[in-house]
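Data block below; observations after.
Only the coordinates and a few stated rules stand behind these numbers; no lab work does. Worth saying up front: this structure is predicted, and the values here are computed from it rather than measured. Glycine gets a Cβ as well: all are built from the backbone with ideal geometry, and neighbour counts include every protein chain shown.
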Amino acid sequence: MGKKRSREVDQDVDMADPTVEKRDGDESSDDDDEDMDIVNVDFELFNYDSQIDFHGVKTLLRQLFDADAQLFDLSALSDLVIEQNTIGSTCKVDDKANDAYAFLTVLNLHEHRSKPFIASIVDYLSDRAKTDDSLKAVVPTLLADADKHVGLVLAERLLNMPAEVIPPMWRCMIDEIEAAVEDKEPYEFTHYLVVSRGYYEVESTLDEAERKKKKAREEQKFQYFHPEDEVMAKHAIASGSYSFSKEGERVADSKRAFQEMGVKPSGFMMLIDAAKFDKAVTAIAEYVGTAS
């Protein structure tokens, strides 16, 4: 495919990370005595490169789908993401040759419906949507409608990435989609289905005897790994969380971080009307800000 529409190939978008703190001195010294240096990190956006990005994209896809990643052909999915290199971006530090710290793309589910690995993803999302009251009312029907062009948005980043680098990635992708539509390419969507993830805090299954003496906790609220998801969900036709089908009942204990409550990762979906997508991205930028 051709070069990236919003910038020349290999040209990057500079986004200086606002204030990343780095400890200077011996780790064993008193916290009050430690000097803190401010480190500016330049995050840059790049086109997908088939010679560089396969493993980085696949790793982030595995993180996105969590326990259910084993259900999909992530190699084929990674290849497709990289192949359409005029849509979406990777976000890296220091050099294009490094692995991506974040990625964003959108796939036309209608255009690629004949591919077995896309068909399996569509079946999975339809099945998982049926477990949530908000999603089941619209998502399965929409995915089964051959006349609707649904854009599957896949986005993930390392958890320590600042949220401020994300709005430029979304804005860039919107510009690229508009340019692609002008060129009569298959990116004129009726809806966007954004796949993300979050978690619930749950009581650990450890120390059950002691735990039975305590009053049962109230059901925990869904927590977002990415703050922009909470904002985008307000612009969605439907949104909701779902359990991973391969998640073990005792997974929370393996993810306890020296605390009483465990963490249960969950999938999260948002269905957004294409006409409202631009407004949703604008709201994200207003909420989290953008790196300068």
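A few comments on the model shown:
- Distance violations [Cα-Cα > 26 Å] among Lys130/Lys246; Lys58/Lys221; Lys130/Lys276: Lys58/Lys221
- Across the cross-link table entries Lys148/Lys234; Lys148/Lys184; Lys115/Lys234; Lys115/Lys148, which are compared at the Cα atoms, the separations over 26 Å belong to Lys115/Lys234.
- Going by neighbour counts of Cβ atoms within 10 Å, the residues Glu111, Glu83, Glu228 line up, fewest first, as Glu83, Glu111, Glu228.
- Fewest-first sequence of Cys91, Cys172 by Cβ atoms within 10 Å of each Cβ: Cys172, Cys91
- Prolate/oblate/rounded label for the stretch 138-206 (Cα gyration tensor, a/c 1.5): oblate
- The packing ranking of peptides 283-289, 149-155, highest mean first, is 149-155, 283-289, where packing means the average number of other beta carbon atoms within 10 angstrom of each residue.
- Extended-chain gain in nm, criterion 0.36 nm per residue less alpha-carbon gap, Lys246 and Lys276: 7.5 nm
- Three-way shape call for the stretch 83-155 based on the alpha-carbon gyration tensor, with the a/c threshold at 1.5: prolate
- Cα-based shape type of the stretch 56-178, given that a ≥ b ≥ c are square roots of the gyration tensor eigenvalues and the cut on a/c is 1.5: prolate
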